[in-house]
Structure formats: structure tokens, C-alpha cells
Amino acid sequence: MKIELVPVGVVRSPRTEMVDDYWGKVVSVIEIDGERFSPEALRGLEGFSHLEIVFFLHLVPEEKIETAARHPRNRMDWPRVGIFAQRGKNRPNRIGVSVCRLLRVEGLSITVEGLDAIDGTPVLDVKPYIREFGPRGEVRQPDWATELMAEYYVG
């Protein structure tokens with residue numbers, strides 16, 4: 001089965017290179033495609049504090065895609081885990097998902113903080129973050145994952 005997606009918009013960000021950390025204070029604008037959508041598509045979005053953004057990791061070359069296990073960030077002191085047990089960018093379908101703070105909506109522009117996508121990234125979907133869609137019950141993760149994320153969203 002082949003799936004074809006058309007981006008709904010594009011990220012405009014001061015970050016032009018994929019760097020692993022310090023995304024917390026990055027302010028970006030998601031420009032929604034005015035050929036396909038009107039501001040009506042964003043009506044009511046400003047009532048939410050956070051958004052979930054689905055995007056395409058367009059700068060990951062196909063030859064860099066991982067399908068097996070590896071050490072996250074190539075850190076040999078962290079365990080070798082499968083690509084589906086981590087959130088690395090070299091994913092099989094190159095799809096990224098990020099929850100970020102909504103700052104404002106103006107026309108077809110959505111300004112957000114903490115979106116870990118670089119300038120020019122195609123946006124596949126924009127969803128309001130609704131707490132009931134978040135985890136139910138206790139959340140657990142390995143120590144290496146906590147260590148990996150220690151500075152990811154630091155401003």
C-alpha cells in the first residue's frame with residue numbers, strides 16, 4: 001500500500017539545522033496553505049494552550065533511514081534499542097510529532113513555542129492538544145530516555 005500526503009502548511013523557524021537540544025524557547029510560525037484552506041480552518045484553535053504538530057522530516061536522506069536497533073545519539077553508554085523504541089529523526093517514514101505551546105493565531109499563521117522542526121519543514125497535520133488524549137495512568141520510561149531529554153526543551 002502506498003500513502004500520499006499533501007502538507008497542510010510549512011514551518012518558518014529561526015532554526016535551519018536539526019540540532020538535538022534546546023528547543024524550549026524556539027518560536028516558530030506554521031504557515032497554513034492558503035491555496036487549500038481559509039482562516040475558517042483555524043477557527044477556535046486559539047482556545048487551546050497546546051498543539052500537536054505532525055510533520056515530515058524532509059531533510060533525512062533515504063539512505064540514513066534506520067530500521068533496526070542502534071544506540072540513541074550514537075552514545076555507546078546508552079543501550080542499543082530498536083528504532084520504534086526511540087524518537088530519532090531517521091525513522092522509516094520520517095514522520096515527526098511534537099507537542100508545543102500555542103502563542104497566537106493570525107489569519108493562516110499559527111505561532112508556537114517549542115516546536116522541534118526546522119525552517120521549511122512540511123506540516124502534515126495540526127491538532128489541538130486535548131488532555132483526555134494524553135496518557136492514562138502512570139507513565140514510565142527508561143533512565144537513558146530521561147537523560148537523553150534533559151536538555152531537549154531547555155530554553
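Using the Cβ-Cβ distance between ASP33 and LYS2 with R0 set to 25 Å, the FRET efficiency works out to roughly 0.65.
Normalising the Debye intensity of region 101-155 to I(0), with uniform scatterers on Cα atoms only, and taking log10 at q = 0.18 Å⁻¹ returns -0.96.
Taking 0.36 nm per residue of separation and subtracting the Cα-Cα distance, full extension of the segment from ASP77 to ASP143 would add 22.6 nm. The magnitude of the dipole of the chain, with charges of +1 and -1 set on the Cβ of Lys/Arg and Asp/Glu and taken from the Cα centre, is near 340 debye. Would you mind calculating the relative contact order of the chain from Cα pairs under 8 angstrom and at least 6 residues apart, reporting the percent as a whole number? Answer for the chain is 40 percent.
Cα centroids of region 1-53 and region 77-143: 11 Å apart.
Highest mean packing first, where packing is the average number of other Cβ atoms within 10 Å per residue, the peptides 66-75, 118-127 line up as 118-127, 66-75.
Sorting the Cα pairs of the chain by distance into bins of 10 Å, from 0 upward, gives 10, 36, 36, 16, 2 percent per bin. For region 1-62, what class follows from the C-alpha gyration tensor (a ≥ b ≥ c being the square roots of its eigenvalues): rounded when a/c is under 1.5, otherwise prolate if a/b is larger than b/c, else oblate? Here region 1-62 falls in the oblate category.
Arranged from highest to lowest average of other beta-carbon atoms within 10 Å per residue, in what order do the peptides 94-101, 133-140 appear?
Working: 94-101: 17.1, 133-140: 7.4.
Averaged packing, sorted descending, gives the order 94-101, 133-140.
Laboratory data are not the source of any read-out in this text; all were calculated from the coordinates shown. Small disclaimer: the values here were computed from a predicted structure and weren't measured. Using ideal geometry, Cβ is built from the backbone for each residue, glycine included, and neighbour counts are taken over all protein chains shown.
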